[in-house]
Amino acid sequence: MGRLIPANSTWHDRVMIYAEYFAEITTTITWGQVTPLTQRVHDGFLPFTAGDDEAADLMRQSFEDASMQVGSHAPQSLSSAATDIADWHGTAADNFEAYLNNMHAAVLRQGEALEAVAIVMKAYQALLLAVRSDLLDLVGQADGGLAAAAEDDEMQGWKVGSAVVGVFSSTVGGAITKGGLVGAALGFLSGIGSVIIELGDGGENEGDVMQRLADGLEGLRRLYEEQLAALEQGLRNILDELLNKPHLPDVNPEPPTIATRANFDPREFNLGSDQGEEINKKVDTGPLVPDDGIGKTGAGVGKGR
C-alpha cells in the first residue's frame with residue numbers, strides 16, 4: 001500500500017485507511033470523478049470494521065467457566081443431599097429422591113447448554129479472525145494487481161474467503177461428535193458449506209483491479225454473513241432445546257410433593273423411632289395455606305416441618 005498505517009491503529013481504523021486509500025485510487029483513475037465504483041470500493045470495506053475478537057474470547061471463557069462450575073459443584077451438592085436423606089423413608093422421601101435425580105439431570109443439561117454456547121462463541125471469534133485474514137489477503141491481491149497494471153501485465157486469478165470457509169470444521173467439528181444437547185444444537189453446522197470465491201484471470205489496468213476488488217469485498221461480505229447467520233441459528237437451537245415446552249421439565253423439574261398438600265399426614269415421613277408416634281401426635285396436619293389465604297399463626301407454626 002502507498003499509505004502508512006500507524007502501529008497503534010485499531011482494526012477499525014486500519015480498515016478505514018484501506019477504504020479511503022483504494023477509494024482515492026479509484027477516483028484518480030476516473031479523472032477525479034467519484035463514480036459508483038468508487039463508492040462500491042469504499043463502502044465494501046465498512047462491514048469489516050465491526051466485531052471484537054477479544055471480547056468474544058472473554059465471553060467464550062465465561063461460558064466455559066460457568067459450564068465447568070455447573071458440571072462439578074452442583075452435582076456434588078445434589079449427591080450430598082441424596083446421601084443425607086438415606087435414612088428418610090416413605091412417600092415424601094421417595095418423591096424428594098426422584099426430584100433430586102431429576103434436578104441432577106437438569107443441572108447436567110444446563111451445563112451442556114453453557115458448553116454449547118461457549119463453542120458458538122469460539123466459532124464466532126474464529127470467524128472474526130478469519131474474515132480479517134481474508135480481507136488482508138484481498139488487500140494484498142489488490143496491491144499486486146495494481147503493480148501488475150503498472151507493468152502492463154495481465155492479472156492472475158484472485159481467491160477470496162479461504163480462511164472463512166474453514167471456520168466450522170476447525171472450531172465446531174469435534175464438538176458435534178459429543179452428541180446430547182451439544183450435538184442436537186450444533187450438529188447442523190457440519191452441513192454448512194461455503195465455496196471459496198474465485199475471481200477469474202484477465203484485465204490489465206487499474207480500473208480492472210478496482211472492479212475486481214469491489215467484487216471481492218462483496219463476495220467476502222456474503223460469506224461472512226452466511227457463516228454469522230449459521231452461528232445465530234446455533235444459539236437459537238440451544239434456546240429451543242432448553243425452553244421449548246417438551247424440554248422445559250428437563251431443565252426445570254416440578255417440585256416434589258412433600259408437605260405442600262392441603263392436608264398432610266406426618267406418618268408419611270416414617271420417623272423410624274419408638275418415639276415417632278408421640279412426635280406425630282404433636283404435628284399440625286392442617287393446611288399449610290388455609291383457603292382464606294392467611295398463613296398459620298401461633299404455636300402451631302412450623303411444628304414438625
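The values are calculated or read from the model by the stated rules, or taken from the named source; none is laboratory data. Predicted model, so just to flag it, every value in this text is computed and none were measured. All Cβ positions, glycine included, derive from the backbone under ideal geometry; neighbour counts span all protein chains shown. Ligands, DNA and RNA are stripped out before the accessible areas are found, and what is left, the full protein with its side chains, is counted by its heavy atoms. Shrake-Rupley method; radii C 1.70, N 1.55, O 1.52, S 1.80 Å.
Among the residues of region 1-33, those that are farther than 21 Å from Arg132 by Cα, at pLDDT 90 or above and either open to solvent by 70 Å² or more (accessible area, probe 1.4 Å) or not in a helix (DSSP H, G or I) (or both) comprise Glu24, Thr28. Would you check if there is a residue in region 153-164 being assigned to a helix (DSSP H, G or I) and exposed (fewer than 14 other Cβ atoms within 10 Å of the Cβ)? No, the conditions are met nowhere in region 153-164.
Answer yes if at least one residue in region 188-199 is modelled with pLDDT under 80, in a helix (DSSP H, G or I) and buried (at least 18 other Cβ atoms within 10 Å of the Cβ), and no otherwise. Scanning region 188-199 turns up at least one residue that is modelled with pLDDT under 80, in a helix (DSSP H, G or I) and buried (at least 18 other Cβ atoms within 10 Å of the Cβ).
A quick yes/no check of all residues on (1) under 22 Å from Ala23 (Cα atoms); (2) assigned to a loop (DSSP other than H, G, I, E, B); (3) open to solvent by less than 40 Å² (accessible area, probe 1.4 Å); (4) β-branched (Val, Ile, Thr):
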residue: Ala147; (1), (2), (3), (4): yes, no, no, no
residue: Gly166; (1), (2), (3), (4): no, no, yes, no
residue: Val182; (1), (2), (3), (4): no, no, yes, yes
residue: Ala185; (1), (2), (3), (4): no, no, yes, no
residue: Asp201; (1), (2), (3), (4): no, yes, no, no
residue: Glu204; (1), (2), (3), (4): yes, yes, no, no
residue: Gly216; (1), (2), (3), (4): yes, no, yes, no
residue: Glu226; (1), (2), (3), (4): no, no, no, no
residue: Glu241; (1), (2), (3), (4): no, no, no, no
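As a summary of the residue check, Arg212 satisfies the conditions (1) at pLDDT 90 or above; (2) under 32 Å from the mean Cα position of the chain (by Cα); (3) not polar (S, T, N, Q) except for the one numbered (2). For Leu100, the requirement of being open to solvent by less than 40 Å² (accessible area, probe 1.4 Å), in contact with a His (Cβ under 9 Å, 6 or more places away or on another chain) and without any contact (Cβ under 8 Å) to a residue 60 or more places away in the chain is not met.
Table: residues versus (1) touching a Phe, Trp or Tyr at 6+ places or on another chain (Cβ under 7 Å); (2) at positive phi; (3) surrounded by fewer than 17 Cβ atoms within 10 Å (Cβ to Cβ); (4) not in a helix (DSSP H, G or I).
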site	(1), (2), (3), (4)
Ala74	no, no, no, no
Ser77	no, no, yes, no
Ala82	no, no, yes, no
Ala86	no, no, yes, yes
Asp94	no, no, yes, no
Gly111	no, no, no, no
Glu115	no, no, no, no
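Kindly establish whether Val139 is touching a Leu at 6+ places or on another chain (Cβ under 6 Å), open to solvent by less than 40 Å² (accessible area, probe 1.4 Å) and either more than 27 Å from Ala123 (Cα to Cα) or modelled with pLDDT of 80 or more (or both). Against the criterion (touching a Leu at 6+ places or on another chain (Cβ under 6 Å), open to solvent by less than 40 Å² (accessible area, probe 1.4 Å) and either more than 27 Å from Ala123 (Cα to Cα) or modelled with pLDDT of 80 or more (or both)), Val139 does not qualify. Are any of the residues in region 118-139 polar (S, T, N, Q), at negative phi, in a helix (DSSP H, G or I) and free of Cβ contacts under 8 Å to residues at least 24 places away in the same chain? No.
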